[in-house]
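See below for the structure under consideration.
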Amino acid sequence: MKNQLIHQTSCYDCGPTSITNAMRFLFEREEIPPVLLKHIWTMGLDAYADGGEPGKAGTSKASMRYMAAWFECFAEKCGFPLKATFLDMEFAAIQSGSLAWRCLERGGCAVVRVWHGKTGHYVLVTEKVSDAVVGLFDPFAEEIEPCEDYWPVSGAPDRKNREVRVEVLNRTDGTHYAMGALERREVLLLWRTDQ
């Protein structure tokens, strides 16, 4: 049975929520091992806010990179049909010909760090709608006003709640849903190896 995608529980857990949503998107409920979920939530929320509060700066880039390595090890040692690749800097692009684009074309997904207001935020990109638009699930539950750059989507709770223009996603500024400057970019690609 396929799960619907979920919203984050606090203002800080977009990272582990988006990775959990990736597992929900890729696998049937019965296929997801509990240890996978345990590690997602154990490794996330590792960043400290300026005031020293643990978890209040969400999930770090180091944690995302480590999760990719852990997923690879888990898949190899336990025979779980998952492939994970972490991309950053100039390699973290979602556009025609990129590694992320090929991942989407084969039915995979991408946990992507984007701008959400004045903060970094993780979302799950789940599909290539066209060469100019991707579908994604934003785990931050809020109503948005449609605009020419992104708009809400209803009726697809197991895949997406937004569509965003690819051009916006790849922008280097702090526009809503832009990945921003190259040195801040992060993309965690996930796909099944048995399909």
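Quick note: the coordinates plus some simple rules give every number you see, no bench work behind them. Note that the coordinates shown come from a computational prediction; the quantities given were computed from them, not determined experimentally. Methodologically, a virtual Cβ is constructed for each residue, glycine included, from the backbone with ideal geometry; neighbour enumeration extends over all protein chains shown.
If the condition is being in a helix (DSSP H, G or I), touching a residue at least 40 places away in the same chain (Cβ under 8 Å) and under 17 Å from Arg159 (Cβ atoms), then segment 24-63 contributes Arg24, Phe25, Leu26.
Residues in segment 142-195 that are free of Cβ contacts under 8 Å to residues at least 40 places away in the same chain, within 28 Å of Phe80 (Cα to Cα) and aromatic (Phe, Trp, Tyr): there are none. Quick one: which of Phe91, Phe80, Phe71 is buried (at least 17 other Cβ atoms within 10 Å of the Cβ), hydrophobic (A, V, I, L, M, F, W, C) and within 17 Å of the chain's Cα centre (by Cα)? One residue alone meets the criteria, Phe71.
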